[in-house]
């Protein structure tokens with residue numbers, strides 16, 4: 001994902017791993033939720049096994065807005081490991 005490009009001067013997160021992970025997780029959650037909702041909505045209408053499989057394909061194109069501008073669903077916390 002583009003959010004992980006931490007050294008790129010054009011990166012929107014500026015190398016902030018906390019913000020990067022928040023955006024990656026939110027993006028994945030949105031795509032998976034949209035896929036699940038679409039599949040659940042159409043499951044009763046589909047009879048062919050191929051149609052059922054196709055209805056479960058990730059809804060990446062229709063999730064374009066969420067991929068480009070993920071909502072802030074979670075807040076990450078930095079954890080310091082002490083040896």
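FYI, it's all coordinate maths here, none of it is from the lab. What you see is a predicted model; the values in this text were computed from it and never measured. Cβ atoms come from the backbone with ideal geometry, glycine included; neighbour counts cover every protein chain shown.
To the nearest whole percent, what portion of all C-alpha pairs in segment 17-68 is separated by more than 17 angstrom?
Details: 568 of 1326 pairs.
Tail of P(r) above 17 Å: 43 percent of Cα pairs.
Between residue 62 and residue 74, what is the label-to-label distance in nm when each label sits 7 Å out along the Cα-to-Cβ direction?
Going from the residue 62 label point to the residue 74 one covers 2.4 nm.
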